[in-house]
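Asks: Sharing a structure, written as structure tokens. Questions coming.
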Amino acid sequence: MPGDTSAFGLLLAGDPALLAIVRLSLAVSLSATALAAVIGIPLGAAVALTRFRGREGMIVFLNAMMGVPPVVIGLTVFLLLSRSGPLGSFGLLFTPQAMIVAQTIMVTPIIAALTRQTVEDLWAEYRDELTAMNVGPLRKIATLVWDARFSLVTTLLAGFGRAASEVGSIIIVGGNIEGFTRTMTTAIALETSKGDLSLAIGLGIVLIGIVVIINALAWVVRRAGEAYAG
Amino acid sequence: MHTRRSLFVAALGALLLSAPALAQDKSIVVASTTSTQDSGLFEYLLPIFKQKTGITVKVIAQGTGQALDTGRRGDADVVFVHAKSAELKFLSEGQGVKRYPVMYNDFVLIGPKSDPAHVKGMTDVAKAFQTIKDKKASFISRGDRSGTNIAELKLWKDAGIDIDKDKGPWYKAIGQGMGAALNTAQASGAYVLSDRGTWIHFKNKGDLEILVEGDKRMFNQYGVMLVNPAKHPNVKKDLGQQFIDWLISPEGQKVIANYKINGQQLFYPDATDPSA
Amino acid sequence: MRGVTILDRLSLTVGAGAPTVLIGPNGAGKTTALRLMAGLMAPTSGRITWGGRPDVPARRAIMFQKPAMLRRSAGGNLRYALNAAGIPRRDYAGRIHELLALVGLDGLERRPARRLSGGEQQRLALARALAGDPAVLLLDEPTASLDPAATKTIEDVIRAVAAKGAKVVMSTHDLGQARRLGGDIVLLHRGRLLETGPAATFFTSPQTEAARIFLAGDLLV
Ligand SMILES: Nc1ncnc2c1ncn2[C@@H]1O[C@H](COP(=O)(O)OP(=O)(O)OP(=O)(O)O)[C@@H](O)[C@H]1O
Ligand SMILES: [Mg+2]
């Protein structure tokens, strides 16, 4: 397809600029999801298992944080990372790392809140057995997370889906710099503003395609896992 | 535990993926305007500059006001904008080192072919604005403190209109970039003031066309400034100054003049004009 | 317990030796008594002592009336219990084989535990309770949904465990089983202790009217 400048044409032709955008989008959103999982899963599990003062408040807070608009998170991270902000000396504003930070903050409450729900249900089932076996608190959390791992895949997907599809926070903290912090969603915003709606739609479809593929893979993993572990 | 270890590995791996980007240390951040980006000038000019100097220029495209604020916070090394009064204010605050005029382009009044206010072909832009207001024809304003927005507000003033007081439902300030304003005008058959570069580059023209152009008051001067390293020690002053020097050098000026779309020149270099 | 009195003025001494068997109609308080002994709940008033001391012995295990299977293989469930009991890792493989064979589940090591039949799950739960070689073994209706052959297997296991010196406290609705296994019998009803005594005398010459009625299969009121 010579001269095909549609997003598919470019993708099929292995256009390096487009591939770089796709790669950066995945790197940022997957890193953010992974970091959010490392923080959010133990946090959600801990909230599920422990009874402490303010726990109900914590749950409401986590649930509410799921709905915070990405731009608000973006703006907050922006102000923190700006050279005149408290963390300005790290020079992270307008870098992929800043985008990862923003998306991690956005995704962590989602993963924590969904994990809490999942783990709490499993805990109701396991509580007596684990308590009777004298299992310590950390081990309990690890056991529940491990045994709920296939349900948690869905949780991770929800987080990844939100990260991969948002533009509000990363366009603010990343700056949509060509070849450096331009992701699929910020590129879509840019192409829309340039009036190149067909390229924008094309990119959008590529993004949807990637999200569908990742979901399909996760689904296969989950089914296989359930067949294996019951 | 197995899962968590592999999650860590995944996180680290992903971070490393994005790490090479950090390695390009010979780079500067330029806060510029959406019109310069949307017109495609940077895509043309920056690779030439990079080849020449090895410096990567990272462009944040914002409205002029926002771009200057980015400089004020020290988040950019260079600002490259188009609103002389705002630039002079930036300098007087001590935020910038020196302002260099670089180039100009011009604004054009865009509207639907049907031209409900009958302004097509007018040579007096103030009169055109007056007519639009009298007919209450739909008008899209950027409303984002950008250079274009500032120029538009000045034109209303020139037309003897206090837009804050006289605006009605026909006047819509959308608070977005040039492209978004053009998209909105296209979708709603409204008038809009645009810089010529963005207009030529814009792909979703629909039945929009240029109705008024050429009035002296529609000239749009671009200036470039190094953010003051005395205020913001992290500013890469040598690399930033190198970029500025190149822009105003005969070579840089020629590159700017050479940027054409469909044979049309978009920007006119004028670094040598001291009054610009 | 939110104002519900489940066990009332229950004073019971469980001695070492042959199994102590709790019997009584539904809702009598058997499960509650076992859970108290397992340390899973604390009495609202009163106390539980072990050999005169308040601390619960570490090497105790309980098999629940409705055991929960961990989402792992049958072998994985046992491995988990072995680990929790602090058994050295190198002994796992041997112990797992031994335990599965003991309850008649040989060859099912790799089967997801939640895919086992109800009776198989119950036997796996017993094997799991035995994993740590407990000194005190609490069993809540261990053969409730087992076929006669499996019931026999389990009873043999219980006998063997008791013979090795572990103290078994169990509940059952099967009076025949109580007679076969019981050292001491404890009859509960509506949270109260009605009668307790050695199995031999309890079944042949019950001391109370209530026990006589219960043994005759009539409804206790
Ligand atoms: N958490 C609780 N809250 C309120 N009532 C409870 C609770 N747990 C048990 N009970 C009540 O206490 C009584 C004793 O229950 P328990 O489970 O000990 O009976 P059981 O002798 O084991 O009966 P079954 O033969 O049906 O297993 C029942 O009436 C039951 O409804
Ligand atoms: Mg019971």
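Asks: If you scan region C:1-37, which residues turn out to be part of a loop (DSSP other than H, G, I, E, B), within 13 Å of ligand 2 (Cβ to nearest atom) and modelled with pLDDT of 70 or more?
Replies: C:G24, C:P25, C:N26, C:G27, C:A28, C:G29
Asks: Cβ-Cβ under 6 Å, sequence separation 6+ or interchain: first residue in region B:187-205 and without any contact (Cβ under 8 Å) to a residue 40 or more places away in the chain, partner small (G, A, S). Which pairs?
Replies: Cβ pairs passing all conditions: B:K203/A:G195; B:N204/A:G195.
Asks: Identify, please: which residue in region A:52-79 is within 13 Å of chain B (Cβ to nearest Cβ) and surrounded by 19 or more Cβ atoms within 10 Å (Cβ to Cβ) and is, among those, nearest to A:I177 (Cα to Cα)?
Replies: Restricting to residues being within 13 Å of chain B (Cβ to nearest Cβ) and surrounded by 19 or more Cβ atoms within 10 Å (Cβ to Cβ), the top hit is A:F78.
Asks: Within region C:122-142, take every residue that is more than 11 Å from chain A (Cβ to nearest Cβ) and out of contact with any Leu (no Cβ under 9 Å at 6 or more places or on another chain) and give me the one that is modelled with the highest pLDDT.
Replies: C:E141
Asks: From B:A67, B:A76, grab the single residue that is in contact with a helix residue (DSSP H, G or I) (Cβ under 6 Å, 6 or more places away or on another chain), assigned by TED's automatic domain parsing to the domain that holds B:K231, farther than 20 Å from B:W199 by Cα and crowded, with 24+ Cβ neighbours inside 10 Å.
Replies: After ruling out the rest, the residue left standing is B:A76.
Asks: Please report, ordered by residue number, the helices (runs of 4 or more DSSP H) entirely within region B:141-221 with at least 1 residues that are open to solvent by 60 Å² or more (accessible area, probe 1.4 Å) and farther than 22 Å from B:M122 by Cα.
Replies: B:163-166, B:178-188
Asks: If you check C:R47, C:R60, which single one turns out to be more than 25 Å from C:L194 (Cα to Cα) and either more than 16 Å from ligand 2 (Cβ to nearest atom) or facing another protein chain (nearest Cβ under 10 Å) (or both)?
Replies: C:R60
Asks: Which of the residues that make up region A:83-117 are under 13 Å from the mean Cα position of the chain (by Cα) and of a type in the set (V, I, T)?
Replies: A:I100, A:V101, A:T104, A:I105, A:V107, A:T108, A:I110, A:I111
Asks: Then there's this: Against the definition (part of a helix (DSSP H, G or I) and surrounded by fewer than 23 Cβ atoms within 10 Å (Cβ to Cβ)), how does A:E178 come out, yes or no?
Replies: No, not satisfied.
Asks: Still on this model: Just to be sure I understand the filter: pairs with C-beta atoms under 7 Å, separated by 6 or more residues or on different chains, first member in region C:22-37 and over 10 Å from C:G191 (Cβ atoms), second member part of a helix (DSSP H, G or I) and within 8 Å of ligand 1 (Cβ to nearest atom). Which pairs pass?
Replies: Going by the 7 Å Cβ cut-off, the qualifying pairs are C:L22/C:K30; C:L22/C:A33.
Asks: So, one more: Just need a number here: residues in region C:190-215 that are closer than 19 Å to C:G27 by Cβ and open to solvent by less than 30 Å² (accessible area, probe 1.4 Å).
Replies: 4
Asks: Quick one: in region C:169-184, which of the residues that are within 16 Å of ligand 1 (Cβ to nearest atom) and open to solvent by less than 50 Å² (accessible area, probe 1.4 Å) is nearest to C:R60 (Cα to Cα)?
Replies: C:V169
Asks: For the subset of region C:174-184 comprising residues that are touching a Gly at 6+ places or on another chain (Cβ under 9 Å) and of a type outside the set (D, E, K, R), which member is nearest to ligand 2 (Cβ to nearest atom)?
Replies: C:L175
Asks: What tally of residues in region A:146-178 results from selecting those that are farther than 30 Å from B:Q37 by Cβ and more than 7 Å from every other protein chain (Cβ to nearest Cβ)?
Replies: Within region A:146-178, residues that are farther than 30 Å from B:Q37 by Cβ and more than 7 Å from every other protein chain (Cβ to nearest Cβ) number 11.
Asks: Now for a separate question. Just checking, which of C:A160, C:A166, C:A144 is under 22 Å from C:L78 (Cβ atoms), in the same structural domain as C:G24 (by TED's automatic domain parsing) and surrounded by fewer than 16 Cβ atoms within 10 Å (Cβ to Cβ)?
Replies: Criteria check complete, one pass: C:A160.
Asks: Being over 22 Å from B:T64 (Cβ atoms), more than 13 Å from every other protein chain (Cβ to nearest Cβ) and not acidic (D, E) is the filter here, so list the residues in region B:186-207 that pass it.
Replies: B:S188, B:G189, B:A190
Asks: Let me ask something else about it. I need a count of the residues in region B:30-56 that are over 24 Å from B:I200 (Cα atoms), β-branched (V, I, T) and within 12 Å of chain A (Cβ to nearest Cβ).
Replies: Number of matching residues: 1.
Asks: Counting only residues that are buried (at least 19 other Cβ atoms within 10 Å of the Cβ) and within 16 Å of ligand 1 (Cβ to nearest atom), give me the helices (runs of 4 or more DSSP H) lying completely in region C:60-136 with at least 1 of them.
Replies: In region C:60-136, the matching helices (runs of 4 or more DSSP H) lie at C:118-130.
Asks: Moving on to the next point. Here is a check on your reading of the model: is B:S114 in the same structural domain as B:D164 (by TED's automatic domain parsing), polar (S, T, N, Q) and buried (at least 21 other Cβ atoms within 10 Å of the Cβ)?
Replies: Considered against the rule, which asks whether it is in the same structural domain as B:D164 (by TED's automatic domain parsing), polar (S, T, N, Q) and buried (at least 21 other Cβ atoms within 10 Å of the Cβ), B:S114 comes out as no.
Asks: Filter region A:181-230 down to the residues that are part of a helix (DSSP H, G or I) and within 14 Å of chain C (Cβ to nearest Cβ), then identify the one that is modelled with the lowest pLDDT.
Replies: Ranking the candidates gives A:A229 first.
The values are calculated or read from the model by the stated rules, or taken from the named source; none is laboratory data. As the structure is a prediction and not an experimental result, all values here were calculated from the model. Note that we place each Cβ from the backbone using ideal geometry, even for glycine, and neighbour counts take in every protein chain shown. Quick note on the areas: whole protein, heavy atoms, side chains included, nothing else; ligands and nucleic acids left out. Shrake-Rupley method; radii C 1.70, N 1.55, O 1.52, S 1.80 Å.
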